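Written out below as structure tokens is the structure these notes cover.
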């Protein structure tokens, strides 16, 4: 296959060449960066929370007036919920993963330590918490019923024993068994003993939680054996037998409302719903970028078809001449495919630079963006080469069908 | 002449309907994508209270941890403590001032048919209404006397008044909230600032308040704020301990009617913090800020990163669409070179040919722009479906419609200019020879 005649033919329409090349370059830059963003979102959305999400839901209540006792309400509600058929377990809690609302604390290793070692989310729960959340206790033990205390408004003390996640244990005591060791949720107060370690439980803010720029703290959680009885609000997590969640969401809501008229029962939500709301913006971004990629590839492909068709029409006479001089149909077809390949390659080489320029722009505008990994570029090359060849196939086939007799006609 | 060229243009476009459709669709998609994202950015970033944004200032005092700054960029905390809010309210050095925080209270309606519900509101001072100027349908705000005596008064929003009193003038009626009766002094008309600029900490796109009550009354009843609360050190136990702590959980706004007053107020803040330093508070270096509304919106990065990325991507997409159209138009005009050569030979001047072809490309550009505007509406509907929080900001305003028209005309001219110029360069003789 002779490349030189193709190049010299192309050099006669430089402007069209530059336009198509530029279009392909920009397409590569946009598609690579958009795909990278989509993949990052998929990674974020697929992060396991560490808890059972399919059979769990949350419900809360807000009492009003002076007659409302939050402590009693906790005790009565939990007894009621746990007695319902189909409920596997229930726990009081302050928040859940992915709700974007909760309590965070600095973690210290020694009394008087002024700067925290890392930070953590705080989950208040009772001895039913681990089973209700569906956490995997990998070391140590669960809370005992007598360890559960009530946290009053303005309380500034922490209980003597806590359970922490493996991620936090590894950060505080790397390579050691953290069970039985100490951690300080407050450097001025007595230490907390680590009673147990759970495999994983992410913080309520999976996308916004960082410690001095370190995002690995997303799995730092401390389980505290307390019920938060201040203000007038209570919140529970309920785990049902598999498949009975939706039915029990209604039952529990009705029963709680019935049991005490001095309050508002609110916020009934399955954990699956919590997850989908948490990542709604990521999903939106993925849909928008996906649409952009689709439109872009369509436009570029149609643009190539348009330009190639035009070139075929313009060169009908030359094609006829070549055919008359003995060129086969296959060699005409090959000519147009090779021409497209050359143009695309030129555009892609320019596009590789544009892709990284774009990636740098993204990094400057979105603090958390990372530089595009290199393998996106070759993948993009292959895709756009394929796109170009497919797009040009139609016009090239038409060119191959030009009869040699055309050469003899005057127009 | 114009109508003749216009007809020629239409005829030429009709000759290749697929190609024409492709060019129009390309411009339309590019315009729609860039205008949709630009609208989001424009509305989120635009001044929410243009007539007085320069006079409203947000107070920031750095009462944070001596061992670590509040954030990595060196900003002072984004809220103030109860102690400082009280000191600044008492000093009353600004033209108007209002401390405020978010509060959730159960409302127990008199009407037994309406079930009690939890309602989100704002505890603030009477000056809030004069500062942020929400429109009133009935009554008005409360005065300084009510602030001083912990008045049990409430201002309802339109929606809450609908729910509780069927939208009637409810001034003087009672609303029972968490077991206490408040008397309605005012009802707002529809008020939905696109960006909830007076409390960015608890969500720039958060739902608007359902009621406003005096700050002093809520503090008296020891109701904890329901917004963000951050503490860097230990608090003493109990409610009094919490109020005396360095925990930050309130917003503090001042109205300063001239730049000189703003400078004086900044000096006053510095003096205040220096005084407090003598008492052992404010261990960090002096770092007070007094940003106006727009500076505050910028500092808090109200426009989400995703929207900025979308704007960048969509303009690159528009560039691809334009290049695509330029290429196709160029091909089309080159194909017509025989016809152009003939017209030149018959006496048409270059400017005439230029006019003819720029009209043809403008037809494409303008139809692309018009179609693009329609698609932009569709795009914004899609955005509202995808992002629930954006319901309030994903709307075209007149500025954006005008921008769309300008952008698409510009796009059309840009796309048509070079191919047209090229078409006019054709030498008549060369084209006629081959015929």
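Each reported figure results from applying straightforward, stated rules to the coordinates on display, with no laboratory input. What you see is a predicted model, and the numbers here were worked out from it, not measured in a lab. Don't worry about glycine lacking a Cβ; one is built from the backbone with ideal geometry, like all the others, and counts go over all protein chains shown.
Okay, here's what the table says:
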| read-out | value |
| --- | --- |
| Order of A:328, A:313, A:91 - criterion: other Cβ atoms within 10 Å of each residue's Cβ, fewest first | A:328, A:313, A:91 |
| Gain on full stretching of the segment that runs from residue B:264 to residue B:1 - 0.36 nm per residue minus C-alpha separation | 88.0 nm |
| Beta bridges per DSSP with both ends in chain A, % antiparallel, nearest 5 | 75 |
| Selected from B:236, B:319, B:206 as most flexible by GNM, with chain B as the system and alpha-carbon contacts under 10 Å | B:236 |
| Crossing angle, helix A:329-365 versus chain A [Cα axis fit, 0-90 degrees, rounded to tens] | 40 |
| Averaged over B:105-111, number of beta-carbon atoms from partner chains that fall within 10 Å | 3 |
| The protein assembly as shown: antiparallel DSSP beta bridges as a percent of all, rounded to 5 | 75 |
| Cα gyration tensor shape of the protein assembly as shown, rounded if a/c is under 1.5, else prolate or oblate by comparing a/b with b/c | prolate |
| Cα gyration tensor category, rounded, prolate or oblate, for region A:108-218 with a/c compared to 1.5 | rounded |
| Within a Gaussian network of chain A (alpha carbon springs, distance under 10 Å), most fluctuating of A:363, A:51, A:98 | A:363 |
| Length added when fully stretched, residue A:268-residue A:246, from 0.36 nm per residue minus Cα-Cα | 6.9 nm |
| Residue B:299-residue B:397 FRET efficiency (beta carbon distance; Förster radius 35 Å; 0.05 resolution) | 0.90 |
| Residue-averaged beta-carbon neighbours from other chains (10 angstrom radius) around A:281-292 | 5 |
| Dimensionless Rg/Rh of region B:1-125 - Kirkwood Rh, Rg from C-alpha atoms | 1.31 |
| Calculated FRET value between residue B:11 and residue B:377, using beta carbons and R₀ = 30 Å, to 0.05 | 0.45 |
| Pairwise FRET efficiency - residue A:363 versus residue A:144, Cβ, R0 = 60 Å, nearest 0.05 | 0.75 |
| Gap separating the Cα centres of region B:364-380 and region B:186-211, nearest whole Å | 32 |
| Candidates B:238, B:30, B:416: whichever shows maximal mean-square fluctuation once chain B is modelled as a Gaussian network with Cα springs under 10 Å | B:238 |
| Computed helical MRE - 222 nm, the protein assembly as shown, DSSP H runs ≥ 4 contributing -39500 (n - 2.57), nearest 500 | -16500 deg cm²/dmol |
| Cα long-axis angle, helix A:70-83 against chain A (0 to 90 degrees, to the nearest 10) | 70 |
| In degrees, nearest ten, helix B:82-91 long axis to first principal axis of chain B (Cα) | 90 |
| Overall form of region A:29-187 per C-alpha gyration tensor (a/c, 1.5; a/b vs b/c) | oblate |
| P(r), alpha carbons of region A:206-249 - 5 Å bins starting at zero, rounded % | 5, 14, 13, 10, 15, 24, 13, 4, 1 |
